[in-house]
Every structure is written in structure tokens, then in C-alpha cells.
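Chemist: One structure coming up, written as C-alpha cells, with questions to follow.
Where a number appears in this text, it was derived from the coordinates with a stated rule and is not lab data. Treat the numbers as computed from the prediction; the structure is a model and nothing was measured. We place every Cβ from the backbone using ideal geometry, glycine too, and count neighbours over all the protein chains shown.
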Amino acid sequence: MYNYLLTLHIISAMTAIVAVAGYPLVMSGLRTTEQAKFGLTLLEKLAVLPKVGGTLLFLTGLAFGYQQTYLFRQLWYWLAIALFGVILIIMAALLPNGIKRQRALLHPIQGGTLPDAYRRSRRRSLQLEVIANVCVVMSILLMVFQPS
């Protein structure tokens, strides 16, 4: 049972991490309004990955805790759960709201360069994406090294 749970946990982590790491990569090279609209559409489609992967990751992580109850007494385990909460808030609430706001800013524009309001909103989203990526790296380090 442990090996199946571990496999599901790793696959879930990869699914969620791909989206977290992919958001800034998708949006980094956009220069025109049409490119930005396409990028936002792509991000909306990618949004399912952190939701599904993150949910499975959280559930399998808790299942590990119930299988090995000593984990609930480990600080690294609770820190990993807290970091997951930060990632979840960013990926499931803050970034989708930013995408909607950016899409609304671009909607009336039919081409050309990106407006300053969009660039400011995108910069804020990029900051959130960086925070999410730092949290991902920290949680991976916690799970690999399991400091006591």
C-alpha cells in the first residue's frame, strides 16, 4: 500500500509542480496584446493541473501521516502543509483573479502593444508566481531531507 501511495504522491506532485513552474514560463515572452490573450487562455486551461494535482498531493500527504502517525509530531511535516496552503491560496484564488483582471484589461484592445495597466497587473501575478515557486522548492527540500 505504501508504494502505491508514494507513486500517487510523486505523480501528483509532478502534475502540480508543472503548472506552478509553467505559469511564468508561458507568460514571460509575450509582447503583444494577441499573444497575451492567448497566454491567458492557456493559463486558464492549465489551472486544472494544480487543482487536481494539489488535491491528490494533499490527500496522499495526509494518508502518509495516518499511516505513520509520528509525522504529525514532525515540524517539517507541518511546515510542508503550511507551504502547501500558501501555494493553494496563490494558485487557486489569487492567480485566477489576476488572470480575470488581466483578461478584462485586454478585452477592449484589438492588437498592438500591451497597456501599462496590464503590465502592472502581470507584474503582481509574476510576484505571486515567484512566491509559489519558492514555496514549492522549500516544500520539496523539507520532504527530501525531513529535518527534525
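Chemist: Step through the residues of region 121-138 one at a time and calculate ³J(HN,Hα) from phi using the Karplus curve (6.51 cos²θ - 1.76 cosθ + 1.60, θ = phi - 60°), rounding each to whole Hz and writing x for Gly and Pro.
Modeler: Taking θ as phi minus 60°, the curve returns 5, 5, 4, 5, 4, 5, 4, 5, 5, 5, 4, 4, 5, 5, 5, 4, 4, 4 Hz for region 121-138.
Chemist: If the cut-off is 17 Å between C-alpha atoms, which lysines fall inside it for K100, apart from same-chain ones fewer than 8 positions away?
Modeler: The reachable lysines, counting only those whose Cα sits under 17 Å from K100, are K37, K45.
Chemist: Then there is this: Starting from the Cα of K51, draw a straight line to each of the aspartates and glutamates and keep only those under 18 Å, dropping any in the same chain fewer than 8 residues away.
Modeler: Qualifying aspartates and glutamates at Cα under 18 Å: E129.
Chemist: Could I ask something else about it? Whole-Hz ³J(HN,Hα) for each residue in region 51-63, computed from phi via Karplus 6.51 cos²θ - 1.76 cosθ + 1.60 with θ = phi - 60°, x for glycine and proline: what do you get?
Modeler: Values, residue by residue: 5, 5, x, x, 5, 5, 4, 5, 5, 5, x, 5, 4 Hz.
Chemist: Which net charge results for the neighbourhood of Y23, defined as the other residues with beta-carbon distances under 14 angstrom from its beta-carbon, given Lys and Arg at +1 and Asp and Glu at -1? Each step should come with its number before you reach the end.
Modeler: Details: positive: K45, K51, R122, R123, R124; negative: E44, E129.
Taking every other residue near Y23 into account, the sum is +3.
Chemist: May I ask you to evaluate 6.51 cos²θ - 1.76 cosθ + 1.60, the Karplus curve with θ = phi - 60°, for each residue of region 6-16 and list the ³J(HN,Hα) values in order in whole Hz, giving x for glycine and proline?
Modeler: Computed from phi, the couplings for region 6-16 are 5, 4, 5, 5, 5, 5, 5, 4, 4, 4, 6 Hz.
Chemist: I need to check one value: relative contact order of the chain, counting alpha carbon pairs closer than 8 Å and at least 6 residues apart, in percent.
Modeler: Numbers: 139 pairs, mean separation 49.4, N = 148.
It comes to 33 percent, rounded to a whole number.
Chemist: Dividing the alpha-carbon radius of gyration of region 2-145 by 2.2 N^0.38 Å (N being the number of residues), what value is obtained? Before the final figure, lay out the partial values.
Modeler: Values: Rg = 17.4 Å, N = 144, 2.2 N^0.38 = 14.5 Å.
Taking N as the residue count of region 2-145, the ratio is 1.20.
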